[in-house]
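Participant: Below you'll find the structure I mean.
The values are calculated or read from the model by the stated rules, or taken from the named source; none is laboratory data. Computed from a predicted model, the values in this text were never measured in an experiment. Ideal geometry is used to build each Cβ from the backbone, glycine not excepted, and the neighbour counts take in all protein chains shown.
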Amino acid sequence: MSLLSVPTRRRQIYEGKAKILYEGPEPGTVIQYFKDDATAGNGAKKDVIAGKGILNNRISAHLMTRLETIGVPTHFIKSLNMREQLIRQVEIIPIELVVRNIAAGSLCKRLGVAEGSRMPRPIVEFYYKNDALGDPMVNDDHIVTFGWADPYEIEEMVNLAFRCNDYLNGLFAGVNLLLVDFKLEFGRIWGEQGELYIVLADEISPDNCRLWDMKTKEKMDKDRFRQDLGGIMDAYQEVAARLGIIPREALVSGTFNENLMSSLEEIENELSEARTMRALNKTKPKK
Ligand code: AIR
Ligand code: ASP
């Protein structure tokens, strides 16, 4: 057992449906722990999918690191172990941004559009992040009027969401996956002079992206759980394998090879070290 996997006593800041946040080692940092819990219908449906947290931790670390390379600021600092990542402490903006390229899910239910129809341009929707209310859809007037975010913040979030969409569409298409839609959350960080930064937060994984196989249109995301299609772990593992973050040898149908996965921590941290260097060069230019 590596040192990293020995549980330590830490203060828990928050427990959500799929993740737990703990106080980080330094001020301004937080440890994000990925649970195996899956919920749908605002918690009405619940299960534990062994290994899901490990895959989502890896997939999210990978995608956030890639997004940093195109200049999208994120909360991700580095992977710590199979289930945990070090992130920047942010104040979460209570708005979920959903970007849709192809009609699916609640859009089809609400508007009677056929699942699978491609929209002429991507659609962005806002939802108020509030479990008690079931995350209702809102517009920018609601967001500003109720003080959840100001117009500049909304503009920045929408711009970042479109950049993520462009980049992730290409990245997934490269591995024969169709990015149908996805949900993003953003957070605020204040700099030393009181300046505000909006950064991508939460996670990007098959829990909050709809991903279909390009050819067969097979669903490879949380809809397998929501719609009782089975094969959730196989689908999540296939996504990770196609992205090149777990080797095909690590795939075991219906479960996962924990030993092989733990040997992959180094890969992710090589990536995040490269990212840290880029960030340093940017904030501390040589004079
Ligand atoms: N989503 C929204 N709330 C929670 C999540 N995970 C994601 C879904 C889907 C997109 O947002 O995973 O990718 C749109 O969801 P829906 O249900 O509005 O169609
Ligand atoms: N995560 C939300 C829930 O637990 C919505 C979903 O993903 O379906 O209900």
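Participant: Out of the range 188-209, which residues are in a strand (DSSP E or B) and among the aliphatic types (A, V, I, L, M)?
Facilitator: Ile189, Leu196, Ile198, Val199, Leu200, Ala201
Participant: Pairs only if they're at least six apart or on different chains, beta carbon under 7 angstrom, first in the range 105-129 and farther than 21 Å from Asp207 by Cα, second of a type in the set (Lys, Arg) and within 11 Å of ligand 1 (Cβ to nearest atom); list them, first residue then second.
Facilitator: From the range 105-129, the pairs are Met119/Arg100.
Participant: How many residues, within the range 10-21, are within 16 Å of ligand 1 (Cβ to nearest atom) and not in a strand (DSSP E or B)? Show your work before the answer.
Facilitator: In the first step, residues of the range 10-21 are kept if they are within 16 Å of ligand 1 (Cβ to nearest atom); the result is 16-19.
Narrowing further to those that are not in a strand (DSSP E or B): 16-18.
Total meeting the criteria: 3.
Participant: Right, another one. Is it true that some residue in the range 198-211 is in contact with a strand residue (DSSP E or B) (Cβ under 9 Å, 6 or more places away or on another chain) and loosely packed, with under 13 Cβ neighbours inside 10 Å?
Facilitator: no
Conditions (1) at pLDDT below 95; (2) in a helix (DSSP H, G or I); (3) among the polar types (S, T, N, Q); (4) within 16 Å of ligand 1 (Cβ to nearest atom), marked per residue:
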| residue | (1), (2), (3), (4) |
| --- | --- |
| His62 | no, yes, no, no |
| Glu68 | no, yes, no, no |
| Val98 | no, no, no, yes |
| Ser106 | no, yes, yes, yes |
| Arg110 | no, yes, no, yes |
| Gly116 | no, no, no, yes |
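Participant: What are the pairs with Cβ atoms under 6 angstrom where one residue, in the range 218-240, is basic (Lys, Arg) and the other, located anywhere, is within 16 Å of ligand 2 (Cβ to nearest atom) and not in a loop (DSSP other than H, G, I, E, B)? Sequence gap at least six, or different chains.
Facilitator: Arg224/Ile232; Arg224/Ala235; Arg226/Ala40
Participant: I would also like to ask the following. Has the range 175-187 got any residue that is part of a loop (DSSP other than H, G, I, E, B), at pLDDT 95 or above and more than 16 Å from ligand 2 (Cβ to nearest atom)?
Facilitator: Keep residues of the range 175-187 that are part of a loop (DSSP other than H, G, I, E, B), which gives 175-176.
From what's left, at pLDDT 95 or above: 175-176.
Okay, now just the ones that are also more than 16 Å from ligand 2 (Cβ to nearest atom), so 175-176.
Checked against the condition, which is being part of a loop (DSSP other than H, G, I, E, B), at pLDDT 95 or above and more than 16 Å from ligand 2 (Cβ to nearest atom), the range 175-187 yields at least one hit.
Participant: Evaluate the range 134-156: report whether one residue or more is hydrophobic (A, V, I, L, M, F, W, C), within 16 Å of ligand 2 (Cβ to nearest atom), over 26 Å from Thr69 (Cα atoms) and not assigned by TED's automatic domain parsing to the domain that holds Met64.
Facilitator: The answer is yes, given that some residue of the range 134-156 is hydrophobic (A, V, I, L, M, F, W, C), within 16 Å of ligand 2 (Cβ to nearest atom), over 26 Å from Thr69 (Cα atoms) and not assigned by TED's automatic domain parsing to the domain that holds Met64.
Participant: Can you tell me how many residues in the range 199-246 are closer than 28 Å to Lys78 by Cα and charged (D, E, K, R)?
Facilitator: 9
Participant: If you don't mind, another one. Going by the conditions given, is Arg224 within 13 Å of ligand 1 (Cβ to nearest atom), surrounded by 20 or more Cβ atoms within 10 Å (Cβ to Cβ) and within 17 Å of the chain's Cα centre (by Cα)? Step through it out loud before you land on a result.
Facilitator: Values: within 13 Å of ligand 1 (Cβ to nearest atom): yes; surrounded by 20 or more Cβ atoms within 10 Å (Cβ to Cβ): yes; within 17 Å of the chain's Cα centre (by Cα): no.
Here the answer is no, as Arg224 does not meet what is asked.
Participant: What number of residues within the range 7-65 satisfy the criterion of being out of contact with any Lys or Arg (no Cβ under 9 Å at 6 or more places or on another chain), of a type in the set (D, E, K, R) and more than 14 Å from ligand 2 (Cβ to nearest atom)?
Facilitator: Within the range 7-65, residues that are out of contact with any Lys or Arg (no Cβ under 9 Å at 6 or more places or on another chain), of a type in the set (D, E, K, R) and more than 14 Å from ligand 2 (Cβ to nearest atom) number 5.
Participant: Do we have Gly230 as more than 16 Å from ligand 2 (Cβ to nearest atom) and in a loop (DSSP other than H, G, I, E, B) here?
Facilitator: yes
Participant: Here's a follow-up. Does the range 158-169 contain at least one residue that is surrounded by 13 or more Cβ atoms within 10 Å (Cβ to Cβ), within 16 Å of ligand 2 (Cβ to nearest atom) and not assigned by TED's automatic domain parsing to the domain that holds Ile54?
Facilitator: Checked against the condition, which is being surrounded by 13 or more Cβ atoms within 10 Å (Cβ to Cβ), within 16 Å of ligand 2 (Cβ to nearest atom) and not assigned by TED's automatic domain parsing to the domain that holds Ile54, the range 158-169 yields no hits at all.
Participant: Looking only at residues in the range 22-45 that are farther than 24 Å from Glu192 by Cβ and touching a Phe, Trp or Tyr at 6+ places or on another chain (Cβ under 7 Å), which one is farthest from ligand 1 (Cβ to nearest atom)?
Facilitator: Once the filter is applied, the top-ranked residue is Tyr22.
Participant: Based on what the data block shows, is Glu249 modelled with pLDDT of 95 or more and among the acidic types (Asp, Glu)?
Facilitator: Criteria not met by Glu249.
Participant: While we're looking at this one, here's another question. Do we find that Met277 is modelled with pLDDT under 95, more than 16 Å from ligand 1 (Cβ to nearest atom) and in a helix (DSSP H, G or I) in this structure? Talk me through it step by step, then tell me what you get.
Facilitator: Details: modelled with pLDDT under 95: yes; more than 16 Å from ligand 1 (Cβ to nearest atom): yes; in a helix (DSSP H, G or I): yes.
For Met277, the condition - modelled with pLDDT under 95, more than 16 Å from ligand 1 (Cβ to nearest atom) and in a helix (DSSP H, G or I) - is met.
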